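**Q** Take this structure first; my questions come after.
The numbers here are math on the coordinates, done by the rules we state, and not lab data. In this text the structure is predicted, and so the values were computed from the model without any measurement. FYI the Cβ positions are ideal-geometry reconstructions off the backbone, even for glycines, and counts take in every protein chain you see.
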Amino acid sequence: MPKTLDFANIIHRLRNFHSKHERLPSYDEMQTVLGYRSKGGVSTLMPHLLKRNILKKDATGRLIQGALLKSGLRVLGSIQAGFPSPAEEELIDTLSLDEYLIKHPTASYLLKVTGDSMIDEGIKEGDLVIVERGREPKNGDIVVAQVDGDWTMKFYEKNKNTVVLRPANKKYPPIYPKHELIVGGIVIANVRKYK
């Protein structure tokens, strides 16, 4: 391994290649991207990249991005939300928000929230909600639903054959579908940007 190439630099180079080409480099390309003189050098490097979770292998043995190669944020510990306590910064892991929030990417989509009918649940106007299609809603789930031709986001409640969509704001009445209810998905996460 060339002395001038550290793992941070390897990650940086592999991320740049992946963002430009939307794939990992081949062994031939890695030789060039990482500055190696031979494929043997790249082969020697591979176990180190796998061990450090920079790369990993899928079920077929093909190389894919590991957690450290994906664009993610560093997890530095936890923070007390109650009484103040001393905090120590310690790198625990690197986390991709997509990986953390979305279990089924092909069944998920984002919606921007307008209105304040879910404000008491902490969902404000301007927030983004992540919605997952294909799951059967349960009582208490927040759903995105088409009710008699209009779309809304509310708590789902079913009692025998009656479905009620309840807001999380006392200013709004519950909604009882009269003709049609189509559930477009279940809200699995709420994302808010403060600045």
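**Q** Under 29 Å from the Cα of Lys160, which lysines turn up, not counting those fewer than eight places away in the same chain?
**A** Result set, ordered by chain and number: Lys138, Lys170, Lys171, Lys178.
**Q** When the Karplus curve 6.51 cos²θ - 1.76 cosθ + 1.60 is applied with θ = phi - 60°, which whole-Hz ³J(HN,Hα) does each residue of segment 136-143 get, with x for Gly and Pro?
**A** 6, x, 10, 4, x, 5, 8, 10
**Q** Kindly identify segment 105-191 as rounded, prolate or oblate by the Cα gyration tensor criterion: order the square roots of the eigenvalues as a ≥ b ≥ c, call it rounded if a/c is under 1.5, otherwise compare a/b with b/c, prolate if a/b is larger, else oblate.
**A** oblate
**Q** To continue, here is another question. So if R0 is 35 Å, what FRET efficiency would Tyr194 and Asp6 give, r being the distance between their Cβ atoms, rounded to the nearest 0.05?
**A** E between Tyr194 and Asp6, to the nearest 0.05, is 0.55.
**Q** What number results when the radius of gyration of segment 7-65, computed over Cα atoms, is divided by 2.2 N^0.38 Å? Intermediate results must be reported in sequence, preceding the final value.
**A** Numbers: Rg = 10.7 Å, N = 59, 2.2 N^0.38 = 10.4 Å.
Taking the Cα Rg and dividing by 2.2 N^0.38 Å, one obtains 1.04.
**Q** Another one. Just to check I understand the Karplus step: with θ = phi - 60° and J = 6.51 cos²θ - 1.76 cosθ + 1.60, what whole-Hz values come out for segment 147-163, glycine and proline as x?
**A** 10, 6, x, 10, 8, 8, 10, 8, 6, 9, 9, 10, 10, 6, 9, 9, 10
**Q** Could you tell me the calculated FRET efficiency between Lys170 and Ala107, based on Cβ-Cβ distance and R0 = 30 angstrom, to the nearest 0.05? It would help to have the intermediate numbers written out before the result.
**A** On the way: r = 33 Å, r/R0 = 1.10.
The pair Lys170/Ala107 has a calculated efficiency of 0.35.
**Q** With a Förster radius of 35 Å, plug the Cβ-Cβ distance of Glu121 and Arg62 into 1/(1 + (r/R0)^6) and report the FRET value to the nearest 0.05. Write out the running numbers ahead of the final one.
**A** Details: r = 42 Å, r/R0 = 1.20.
It comes to 0.25.
**Q** Taking H placed 1.01 Å from N in the peptide plane, check which residues at least 5 places from Ala189 or on another chain put their amide H under 5 Å from its amide H.
**A** Amide H neighbours of Ala189, under 5 Å, 5+ apart: Ile130.
**Q** Which peptide among 43-50, 183-190 comes first, and what is the full order, when sorted by highest mean count of other Cβ atoms within 10 Å?
**A** Going from most to least packed, we get 183-190, 43-50.
**Q** Something else now. Grab the Cα-Cα distance for Leu181 and Leu97, subtract it from 0.36 nm times how many residues apart they are, and report the gain in nm with one decimal. Don't skip to the answer; put the middle values down first.
**A** Values: separation 84, 0.36 × 84 = 30.24 nm, distance 3.16 nm.
Residue separation times 0.36 nm, minus the Cα-Cα distance, leaves 27.1 nm.
**Q** What's the local net charge at Lys138, with K and R +1, D and E -1, over the other residues with C-beta under 12 Å away?
**A** Once all neighbours under 12 Å are counted, the net charge is -1.
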